[in-house]
Amino acid sequence: SGVVQRIAVAPGDAVFEAATLIVLEEQQVDAGEIAAAAQIDLDVIRPDLAEVFTRHGYGFDENRPEAVARRHSRAKRTARENLAHLVDGDSFVEWGPLVVAAQRKRRSIEDLIEKTPGDGLIGGIGSVNGDLFPEGVRRSERDTQCVVVTYDYMVLAGTQGSQNHRKKDRLFELARDLELPVILFAEGGGGRPGDTDGIGVAGLDCLAFALWGELSGRVPLIGINGGYCFAGNAALLGCCDVIIATEDSNVGMGGPAMIEGGGLGIYRPDEVGPVSEQVANGVIDILVKDEAEAVEVAKRYLSYFQGPTKDWETHDQRRLRHIVPENRLRIYDVREVIDTMFDVDSVLELRKGFGLGMITAFARIEGRPVGVIANNPIHLAGAIDSDGADKASRFMQLCDAFNIPIVFLCDTPGIMVGPEAEKTALVRHASRMFVTGAGLDVPVCTIVLRKGYGLGAQAMAAGGFKSNLFTVSWPTGEFGGMGLEGAVKLGYRNELAAIDDPAERLETFEQMVARMYQVGKGVSMADHFEIDDVIDPVTSRNWIRTVLVSAPEPAHNAGKKRPNVDTW
């Protein structure tokens, strides 16, 4: 220890190795004085850190009261309110919050900092469903990590600017490299024409759409929309595996300005792609009331891709014995079968308003996630039409891409027929089920609830009753190469035509149908070993569980199992 006597260098001097800097006089110095001089106030915020805090603050809701008030006046939540609802606690880490719009040539930097925080996009990584998969249930903390990207409608109406695109590029690359699911809040007006700082012309060399499309089939992509979603925002939304939309949504590939600019008329935003159209045509998978419900549904959807849950309960399976009526001509609700067969409150149906003859849903058996594809006998008696085939085929791809086993619940008279059906390109659409089913390598099983006829029944078994791990029937099952009534009319046309008396002809017809039913009922199929068994409906869960626990764990290979999941 000592005291400085002389400083041997002056400001501006070049200092070389071994040069004398200071001269000390040795003497005792009180340790307390040294400690006091070195004491740091840990609560002091230095000016450089204060500047960082201030800059970040422009993106926080509490510092934008007027914009937040306008948002709330429309009964909408802010981007950060949705984000806070979605992620667990303070787990969210944000990328690029200090970015501003690329408009320095037309606006001051102060204005951009205040009015365009984040260039209208918030994105980062956070934990989702940590409460559903707490420590000890999930394999690792990584299982609940998720990339979240949300447009901020309070900044330039959620439009896509050049910096906004660069942020998406960065976030999509993170999702690819870390293999994390992505949840996208897509509300916004598409491309923004007002940026001035770029060196390009049209911006068509941006990477965001290619990077986003490349994620399809690699990681789950979940799209949420509330309000207006047009052009580029809609293109991103349309790439998602699932689209969850609020009742006030309007989704379209072009907004009013683009429509008018193309000479196609003048429309209000709410006239373009309303949910009344986009649910029925299959664009929207799940319709919800508001953004709060949308977030809850997104968390629930994501959970099927995060693994089994520890806690589950079952319905009384004896109810399954009574849902399908004994009278084969009486209708029933197959959704009641699904809700009863699978874990309590575990069923999430997709595209309910589209392809009404086919039901696709995620569910759980003893906490394990499965995909469910079921014929709906209330629509066309369960016959497979073009929309139903597309719906089932696309869902098969989705399950296969992420190793989710598939349970088919079959009740179909076959693939739809007739001149009107063929106008929908049915030959091509229905055939999707065969080529998609043949390419599956997840566990697949089929339970025939009632009708199992012709090509339609084979399509509900990934190509045939021996193309899956099991095909079993409930006691109400009935089978044939085509519907019984049609088979009798076609096969015994001459015999029936030879009967002059209409009453006698009808009686003979009904007797022939009854005989064919006896030949084609479940126990007859089972004793010919065309199916694996006729079972008590109560044991359906056990059959499914046996396959789930017996199947080997899918190998995790970096990259994709399928090139992509069809957007349609």
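The values are calculated or read from the model by the stated rules, or taken from the named source; none is laboratory data. Here the structure is a predicted model, which means the values were calculated and not measured. Using ideal geometry, Cβ is built from the backbone for each residue, glycine included, and neighbour counts are taken over all protein chains shown. With ligands, DNA and RNA removed, areas are computed over all heavy atoms of the protein, side chains included. Shrake-Rupley method; radii C 1.70, N 1.55, O 1.52, S 1.80 Å.
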Next item on the list: Sort out which residues of the range 283-312 are part of a helix (DSSP H, G or I) and either in contact with a helix residue (DSSP H, G or I) (Cβ under 8 Å, 6 or more places away or on another chain) or closer than 25 Å to His72 by Cβ (or both), and write them in order of number.
Entry: Glu291, Ala292, Glu293, Ala294, Val295, Glu296, Val297, Ala298, Lys299
Checklist line | Of all residues making up the range 313-356, the number that are part of a helix (DSSP H, G or I) and either surrounded by fewer than 16 Cβ atoms within 10 Å (Cβ to Cβ) or at pLDDT below 95 (or both) | finding: 5
Next item on the list: Would you confirm whether any residue within the range 138-158 is open to solvent by 10 Å² or more (accessible area, probe 1.4 Å), of a type in the set (Ser, Thr, Tyr) and closer than 21 Å to Phe53 by Cα?
Entry: no
Next item on the list: Among the residues of the range 182-196, write down those that are loosely packed, with under 15 Cβ neighbours inside 10 Å and either within 21 Å of the chain's Cα centre (by Cα) or not polar (S, T, N, Q) (or both).
Entry: Pro193, Gly194
Next item on the list: Identify the residue in the range 370-382 that is surrounded by fewer than 23 Cβ atoms within 10 Å (Cβ to Cβ) and of a type outside the set (Val, Ile, Thr) and, among all such residues, is nearest to Ser393 (Cα to Cα).
Entry: Asn376
Check: Pairs under 7 Å by beta carbon, first residue within 16 Å of Leu156 (Cβ to Cβ) in the range 71-82, partner among the acidic types (Asp, Glu) and open to solvent by less than 10 Å² (accessible area, probe 1.4 Å), six or more apart or different chains?
Finding: Ala79/Asp152
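This table checks each residue for (1) open to solvent by less than 30 Å² (accessible area, probe 1.4 Å); (2) farther than 30 Å from Val565 by Cβ; (3) in contact with a Gly (Cβ under 7 Å, 6 or more places away or on another chain); (4) aromatic (Phe, Trp, Tyr).
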| residue | (1), (2), (3), (4) |
| --- | --- |
| Arg432 | no, no, no, no |
| Asp441 | no, no, no, no |
| Arg450 | yes, yes, yes, no |
| Ala462 | yes, no, yes, no |
| Lys489 | no, yes, no, no |
| Arg493 | no, yes, no, no |
Margin query: Being in contact with a Phe, Trp or Tyr (Cβ under 9 Å, 6 or more places away or on another chain), farther than 30 Å from Gly273 by Cβ and open to solvent by 40 Å² or more (accessible area, probe 1.4 Å) is true for just one of Glu110, Glu135, Glu214, Glu114. Which residue is that?
Written below: Glu114
Note to self: Could you tell me how many of the residues in the range 69-84 are of a type outside the set (Lys, Arg) and surrounded by 19 or more Cβ atoms within 10 Å (Cβ to Cβ)?
What the structure shows: 4
Notebook entry, point to check: Under 7 Å by Cβ, and 6 or more places apart or on different chains, what pairs join a residue from the range 163-188 that is within 23 Å of Ser249 (Cα to Cα) with one that is assigned to a helix (DSSP H, G or I) and open to solvent by 20 Å² or more (accessible area, probe 1.4 Å)?
Noted result: Gly188/Ala157
Next item on the list: Please determine, by comparing only the residues of the range 420-456 that are assigned to a helix (DSSP H, G or I) and in contact with a strand residue (DSSP E or B) (Cβ under 6 Å, 6 or more places away or on another chain), which one is nearest to Ala374 (Cα to Cα).
Entry: Gly456
Item checked: Scan of the range 254-282 for residues that are in a loop (DSSP other than H, G, I, E, B), at pLDDT 95 or above and touching an Asp or Glu at 6+ places or on another chain (Cβ under 8 Å), ordered by number -> Gly282
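To keep it simple, each residue is scored yes or no on (1) open to solvent by 70 Å² or more (accessible area, probe 1.4 Å); (2) within 20 Å of Arg176 (Cα to Cα); (3) without any contact (Cβ under 8 Å) to a residue 40 or more places away in the chain; (4) out of contact with any strand residue (DSSP E or B) (no Cβ under 8 Å at 6 or more places or on another chain).
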position: Ala234; (1), (2), (3), (4): no, no, no, no
position: Ile259; (1), (2), (3), (4): no, no, yes, yes
position: Ile266; (1), (2), (3), (4): yes, no, yes, yes
position: Ser276; (1), (2), (3), (4): yes, no, yes, yes
Check: Taking the range 87-109 only, how many residues are closer than 14 Å to Asp195 by Cα and within 26 Å of the chain's Cα centre (by Cα)?
Finding: 0
Check: All but one of (1) more than 26 Å from His315 (Cα to Cα); (2) open to solvent by 60 Å² or more (accessible area, probe 1.4 Å) hold for Leu484; which doesn't?
Finding: (2)
